[in-house]
Amino acid sequence: MWVKKYNPYTPSRRFIVWYTFEEITKTKPEKSLTKWLPAKSWRNSQGRITSRFRGGRHKRLYRTVDWRGYNKLNIPWKVHSVEYDPFRTSRIALIHYADWEKRYVLARKWCAVWTEIMNGDQAPISSWNRKQLKNIPEWVTIYNLEFTPFTKWKIIKSAGAFGTISGTDESWLVFIKLPSWEIRKFNEKCRATIWQVWNDEHKNIVVWKAWRQRRKWKKPHILWKSMNAVDHPHGWWEWHSPLGLKYPKAQNWRIVAPWVRTRDKKKWSDKFIVTRRKK
């Protein structure tokens, strides 16, 4: 278990469940792989707020993670350290290639320092090696999957996430069961990393006080039905009464009402979806 509970020596400590950070081997990030992202309080180039109730956060550096790795095929690398990343729920690993180049990648579950890994067709079928889908056996868990060949790793990157190779087609398609239980077809030339993203205990974390939310860019806000009519379509009701609407009402800055699906009914990628995700 990578989480712990505290004794209730203060009211805010009574229900806290937090990390133990036992898996972290290095506290300071690699300086050459970090950069500063200025805080814009969720404003666009015109200075207007595009997302309300956001702003104010803890100072932190962005770790540049390698989402491609195509220029390092069939070159072995070793894990130098496992680090904490404040911009994502999973852990990241600092790796050293055989040519002494350093990069950040997502850490797999139970990764250890000095583990030798490889990305390419010459890599064996083992955890954390990255290969094409056609070279990975069925019912093997994967993550860091790309939608189209030779692009970025875009899906299955959250803490504890993994997908499963369900089968193959007679042509060039591979069936993959995503974390949302959606079964989707992918090109067999797409690459994926074997095994599972680390920090699957993130689901047990309990947010125990408001100040922790403020340090994560989240500001307090009231319910829509408690606002005035000029502020929200659900406003201008007596005290905390129900909305009184039979159907959700569209807001001034939205095209449709909330909870209404806006996905195109004739989207080009619908032919690759075998089974829709579960609600």
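Listing for the model above:
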| quantity | calculated |
| --- | --- |
| Those residues of the range 181-195 which are surrounded by 15 or more Cβ atoms within 10 Å (Cβ to Cβ) and more than 21 Å from Gly120 (Cβ to Cβ), in sequence order | Glu182, Ile183, Arg184, Lys185 |
| Answer residue from the range 210-238, given it is farther than 19 Å from Arg54 by Cα and touching a Lys or Arg at 6+ places or on another chain (Cβ under 6 Å) and is surrounded by the fewest Cβ atoms within 10 Å (Cβ to Cβ) among those | Trp237 |
| The range 1-12, residues that are at pLDDT 90 or above and closer than 22 Å to Lys203 by Cα | Val3, Lys4, Lys5, Tyr6, Asn7, Pro8 |
| Counted residues, the range 1-51 - those being surrounded by 11 or more Cβ atoms within 10 Å (Cβ to Cβ) and among the charged types (D, E, K, R) | 9 |
| Qualifying positions in the range 115-127 - assigned to a loop (DSSP other than H, G, I, E, B) and either of a type in the set (Ser, Thr, Tyr) or buried (at least 16 other Cβ atoms within 10 Å of the Cβ) (or both) | Thr115, Met118, Gly120, Ala123, Ser126, Ser127 |
| Selection within the range 43-72 - over 22 Å from Ser158 (Cβ atoms) and either among the hydrophobic types (A, V, I, L, M, F, W, C) or assigned to a loop (DSSP other than H, G, I, E, B) (or both) | Asn44, Ser45, Gln46, Gly47, Arg48, Ile49, Thr50, Arg52, Phe53, Lys59 |
| Matching option when the condition is at positive phi and at pLDDT 95 or above, among Ile176, Ile156, Ile165, Ile183 | Ile156 |
| Residues located in the range 37-75, provided they are touching a residue at least 24 places away in the same chain (Cβ under 8 Å), over 30 Å from Cys190 (Cβ atoms) and aliphatic (A, V, I, L, M) | Leu61 |
| Conditions (1) surrounded by 14 or more Cβ atoms within 10 Å (Cβ to Cβ); (2) among the hydrophobic types (A, V, I, L, M, F, W, C); (3) out of contact with any Asp or Glu (no Cβ under 8 Å at 6 or more places or on another chain); (4) not in a strand (DSSP E or B): number failed by Ala112 | (1) |
| Some residue of the range 159-166 being of a type in the set (S, T, N, Q), loosely packed, with under 15 Cβ neighbours inside 10 Å and over 14 Å from the mean Cα position of the chain (by Cα) | no |
| In the range 168-190, residue farthest from Gly55 (Cα to Cα) [restricted to those that are touching an Asp or Glu at 6+ places or on another chain (Cβ under 6 Å) and not aromatic (Phe, Trp, Tyr)] | Val174 |
| Subset of the range 11-33 (residues that are touching a Ser or Thr at 6+ places or on another chain (Cβ under 7 Å) and either among the basic types (Lys, Arg) or outside any helix (DSSP H, G or I) (or both)) | Thr25, Lys26 |
| Residue that is modelled with the lowest pLDDT, among those in the range 98-109 that are crowded, with 17+ Cβ neighbours inside 10 Å and in a strand (DSSP E or B) | Arg108 |
| Looking only at the range 73-97, and only at residues there that are touching a strand residue (DSSP E or B) at 6+ places or on another chain (Cβ under 7 Å) and part of a loop (DSSP other than H, G, I, E, B), the one that is surrounded by the most Cβ atoms within 10 Å (Cβ to Cβ) | Arg91 |
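The values are calculated or read from the model by the stated rules, or taken from the named source; none is laboratory data. Just so it is clear, the structure is predicted and the values come from calculations on it, not from any experiment. Cβ atoms come from the backbone with ideal geometry, glycine included; neighbour counts cover every protein chain shown.
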